[in-house]
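Inspection log for the structure reproduced underneath, given as C-alpha cells.
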Amino acid sequence: MLSELPALLTAAQGLGHTVDGVIPYKPSSILWSDNARKERYIALPGTSQMTLTETGGWDMPEGAVLIKNFSMPLDERDPENTLLRIETRVMVKENDQWEAFTYRWNEAQTDAELLSRFGDSRDIDIVNDDGVAETITWDYPSQNQCFA
C-alpha cells in the first residue's frame, strides 16, 4: 500500500500537498494520456543533487524517486473540480538502475495498492463535453510497461 510510504502517499495526494524534499515539477513536453491530468514530483535523498549529462539529460543520484499521479475528470464540462485520482507511478533508482511501480487508488481516494507485475484495468464513468454519460477503460501498466 502507498500508505506504507508516508512521504510518497502525501505527494501522491496531489499538488500542494508535498512534504520537505518532495518537489513538484513539469516537463517541457507533456504527453497526452487519455485525457488524464498529471502531477509530477521528484525526491532526492539527503543533500544529493542531480547533474546534467553531456547529452543534455539528467543523471539522478542513488535513491532518487520520481512520482507521477494520474487523475481523470469525471465531468469534462468541469474537469478541474471533478478529478478522480486513479493511478500513481513511482520510479526509484537503486544500484544504478531504475525500478518501476504502479499503484491503483481505492474508491475512497485514501490509499493506493501496488499492482502486480501484470497490470490491470478499470472502467470509469464520465460525462463528456456534450453532457453525455460514457464509460472509459483505464489501463494500468505492468511493471515492465511502467518502466518503459
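Here are a few things to note about the model shown:
- Test: residue in region 1-14 that is more than 13 Å from the chain's Cα centre (by Cα) and modelled with pLDDT of 85 or more: yes
- If the condition is being open to solvent by 70 Å² or more (accessible area, probe 1.4 Å) and over 19 Å from Glu39 (Cα atoms), then region 109-119 contributes Arg117, Phe118.
- Thr110 assigned to a loop (DSSP other than H, G, I, E, B), over 14 Å from the mean Cα position of the chain (by Cα) and more than 24 Å from Ser142 (Cα to Cα): no
- Test for Gly131: is it outside any strand (DSSP E or B) and in contact with an Asp or Glu (Cβ under 9 Å, 6 or more places away or on another chain): yes
- Residue pairs meeting the criteria (Cβ under 8 Å; at least 6 apart or on separate chains; first of a type in the set (A, V, I, L, M, F, W, C), in region 122-133; second assigned to a loop (DSSP other than H, G, I, E, B)): Ile124/Leu74; Ile126/Leu74; Ile126/Glu76; Val127/Leu74; Val127/Glu76; Val127/Arg77
Here's the yes/no breakdown for (1) farther than 19 Å from Ala11 by Cα; (2) at pLDDT 90 or above; (3) assigned to a loop (DSSP other than H, G, I, E, B):
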{"residue": "Glu62", "(1), (2), (3)": "yes, yes, yes"}
{"residue": "Leu84", "(1), (2), (3)": "no, yes, no"}
{"residue": "Lys93", "(1), (2), (3)": "no, yes, no"}
{"residue": "Trp98", "(1), (2), (3)": "yes, yes, no"}
{"residue": "Arg104", "(1), (2), (3)": "no, yes, no"}
{"residue": "Arg117", "(1), (2), (3)": "yes, no, yes"}
{"residue": "Asp125", "(1), (2), (3)": "yes, yes, no"}
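- If you filter region 64-82 down to residues that are loosely packed, with under 13 Cβ neighbours inside 10 Å and not in a helix (DSSP H, G or I), you find that the one that is nearest to the chain's Cα centre (by Cα) is Asp78.
The values are calculated or read from the model by the stated rules, or taken from the named source; none is laboratory data. Computed from a predicted structure; not experimentally measured. As a convention, Cβ positions derive from the backbone with ideal geometry for all residues, glycine included, and neighbour counts pool all protein chains shown. Heads up: the accessible areas ignore ligands, DNA and RNA and are worked out on the full protein's heavy atoms, side chains in. Shrake-Rupley method; radii C 1.70, N 1.55, O 1.52, S 1.80 Å.
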